[in-house]
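To start, the structure itself, in structure tokens.
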Amino acid sequence: AAAAAAAAAAAKKPPPTGVDDAPAAAASLGPPPQPPSSMTQQQQLAEFNQWLFRWNNYQQHLSNYWQGRYHSLYQASGGGKNGKRQSGDVVQKAGDKVELKWNYRFQELLEFKQEHGHCNVPKEFTYKFSPPLGHWVGRMRHLHKNGKLDPQRHEKLQDAGFEFIISKIEGVKFSVVWDTCYQALKAFRDVNGHVEVPKAYKPQPDSAELDGWITRQRKHFRDGKMPDHLKSKLQALGLNLGGRGRPFGIEGEGEWSAKYKALVKYCADHGDADVPGKYNEDRELGNWVKAQRDAYSDGVLPDSRVTMLNQIGFNFYHGRTSDKTISSDPWHNRLSELKAYKEKSGNTNVPKKFSLNLGLGNFVWNQRKAYKDKILPEDKVQALEDLGFDWTFRKRQTEKGKTKWEVRFEELQEHKSKFGTLIIPDGPLSTWAKRQRKCQREGIMKSVKYERLKSLGFDFGGPKQSKKPWMEQYEALVEFKNEHGHIDVPVHYKPNPPLYYWVGTQKQVYKKGNLQGERLKLLKSLDFDFSIKPRDRTPKKVTRLGNKPFLDEDEWEKCFSELEYYKEQNGDCNVPQRSGRLGSWVHYMRFYVKSGKVSQDRIDRLNELGFTWNVTEDRWMQKYETLRKWKAEHGNFNLPGSNTMYSWVAYQRKLYQDASISQDRVDLLSSIGFDFDTPPVSKTGAGTWDLRFQDLVDFKEKTGNCEVPQTYDPNPALAKWVSSQRTKYRKGNLSDDKTDRLQCIGFDFGAQDKLQTLGVLKVPQIEPVDRESYLEGLWDSSYQELAAYKKHFGHCNIPVSYKENPSLGAWAFSQRMAYKKDRLSEERIVK
């Protein structure tokens, strides 16, 4: 009766707006309205939406009401700054007020642990009410650390499983960011009924992409870094942590049956089961149908589901025009391709990224995965085993059929046989050796690899040094002072190398105000100097020749031996400056020789090794020799645009016109008859076209036709040019004059480029592109944009994230990196 009276009263007044009105609003809602049988489906849906709006409004008011009640109680107990007792309240002591507030927070902590399984509340995490619960948890740890926590509270927290000293957590940590994304996913599931988050979906404009967060959680789960309490929270939402790609959710029998019933209804309405991919009435049904066809093609769709789909006339090949024969089973088509592969290679280990047939590589990988998950039908397992199928996943191998570890091991054997030692200079091999020592220390190295390295005399080093206790290091410092009379521990203190860094750590801890109590008294008793000296920017090693690095005899000899090894491996002494200590040594030698700081004996030894003192001049001479050989072979300097020397020749002519080239270089170029005034042949102009046309005429005189094969070794560019003429003709971009000239020599514009095939393995067709011309044009256009930028701003310091033109910022950054790595050509550096 009271509820009916409240409902009648609520019908005469507007929805509740205050806190005190919220509880009374519950009676005004009642159960969802029961629509009369005469209402249409749209009217029923509209009526339900109205009821749902009122229900959500009531929930919001109810939440505000209880929060108001909580804060009223909090203020009455003295929680607020201006809290005042109301009339009729019991006068409590100050200690009771504090105890009441503490119990509120403790109860929140217990509820947090019940939900999350631990008490490690993040610092800024607000569980239910403000201020954040994480601040209160941090204050409890701080009081415990300083010995100021009440014993009774300490006992209550300890009984609740509270960690006063947080242990290092391996894997994903519960944080405010993680909880924010989790709550967003939960809200998405509550609204949509599933967790199939669209790509690049953001709950808020300034938040992270939710689908990317889901992908990262899956990776943490596969790597074994997902704690159980976080895993259970995600799985409770229906998230498939073990899956890859989409769908994000787990499709159980119940969900599959629901989609199957929807498909049956679609068949009854439309007469077939070919649901479009963008079916407006049910978008998910179109995606589900496509997923069934994909699973069937991969051979991982259970037979029971295949039978059910066949009963309603489901066409598994709808839209699959790329299959060789629609009438045949796609799984058996892949099996026949696998047989052809085995006939030619002798095994079934098709790489996953097999360039000749990407679909076959994915098929082999999917069969191994389905067999591992025990979802591959027995008849298909038997068919693959009859073929000699290898079910084990293959490790990544090199071109020689060996693993990377075996290749590095052979390089180590070759290094020892050549130099008689396992001391390796900086490089890929030394990095690999360090990784082997680390694996042995951590106990994850296989015994076979360990025995092979040990038989070679490989030094695994001692066990990894662990941090010593504080008191042990303090006693070592006392012994050092008693022996030396001071506590200025040197950097490389051989009896105890970590002692130097321990002393520095104490200074840093003291500076932050965290060094207190007994430890501070012990250090002060030694007259410990807590001041931090500014970093010394001078070189650490001072030789007898002064602060000149790399001139010490022992260091110079070591770097020289490393340069000899580099020369044997690479054929030259041009070590990039950014490639480690050897690159810096080479750079310093070129710098010191100009100021006369390198002895003649060392200069002679470097010259005998083929050391290049002027890299720029050496590169120019290499280009000059290439041009001289071209002239001797062709009798002219008309290089095609695809030739790597094209830009260099044009740049020499430009330097001559600007009077920026040295006289020595002018004399060298003039000695081979170089014409500085002749303009270069255009990369895309008629000059190149005429040269290629003449090459085609010569080809016809030799072979009697114009069908240039794609792999024509005498002139590879001719095959690309012929294909491009056919493409331009089909698109209507070939001029009438060029068309007539080609037709006069019997050129067939309708001929198709022949494919190279390997059994049933197809080679994809790629339209020919003049890569050199394209990259050169791209560089020139970016250079023009840079010139315009400097004209406007007066400098070329473009930030990497230049919002007005992001590509220009990235291009400028790439030029700087190319210059540092000595990969930028001379003409581009000058420009």
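Quick rundown of the values:
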read-out	value
Assigned charges on the beta-carbon of Lys, Arg, Asp, Glu; the range 103-211 dipole about Cα centre (debye)	420
Whole-number Å³ per residue for the convex hull built on Cα positions in the range 544-661	164
List SER207, SER595, ordered by accessible area with a 1.4 Å probe, largest first	SER595, SER207
Entries of LYS416/LYS558; LYS481/LYS512; LYS494/LYS558 with Cα pairs more than 19 Å apart	LYS481/LYS512; LYS494/LYS558
Accessible-area ranking of ILE532, ILE312, largest first, probe 1.4 Å	ILE532, ILE312
In Å, descending, principal axis extents of the Cα set of the range 341-447	57, 33, 21
LYS123 accessible area, assembled protein chains, probe 1.4 Å, Å²	140
Base-10 log of normalised Debye intensity for the range 154-218 (one unit scatterer per alpha-carbon) at q = 0.18, 0.20, 0.22, 0.28 Å⁻¹	-0.73, -0.81, -0.91, -1.30
Qualifying aspartates and glutamates (Cα of each under 17 Å from Cα of LYS402; at least 8 residues distant if same chain)	GLU410, GLU411, GLU414
Cα-based shape type of the range 99-160, given that a ≥ b ≥ c are square roots of the gyration tensor eigenvalues and the cut on a/c is 1.5	prolate
Residue-level accessible surface for TYR656, protein heavy atoms, 1.4 Å, Å²	100
LEU808 accessible area, assembled protein chains, probe 1.4 Å, Å²	10
Candidate residues ILE444, ILE745: accessible-area rank, largest first, probe 1.4 Å	ILE444, ILE745
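The values are calculated or read from the model by the stated rules, or taken from the named source; none is laboratory data. Quantities reported herein were computed from a predicted structural model and do not represent experimental measurements. Heads up, the Cβs are rebuilt from the backbone with ideal geometry, glycines too, and the neighbour counts pull from every protein chain shown. The area values use the complete protein model at the heavy-atom level, side chains included, leaving out ligands, DNA and RNA. Shrake-Rupley method; radii C 1.70, N 1.55, O 1.52, S 1.80 Å.
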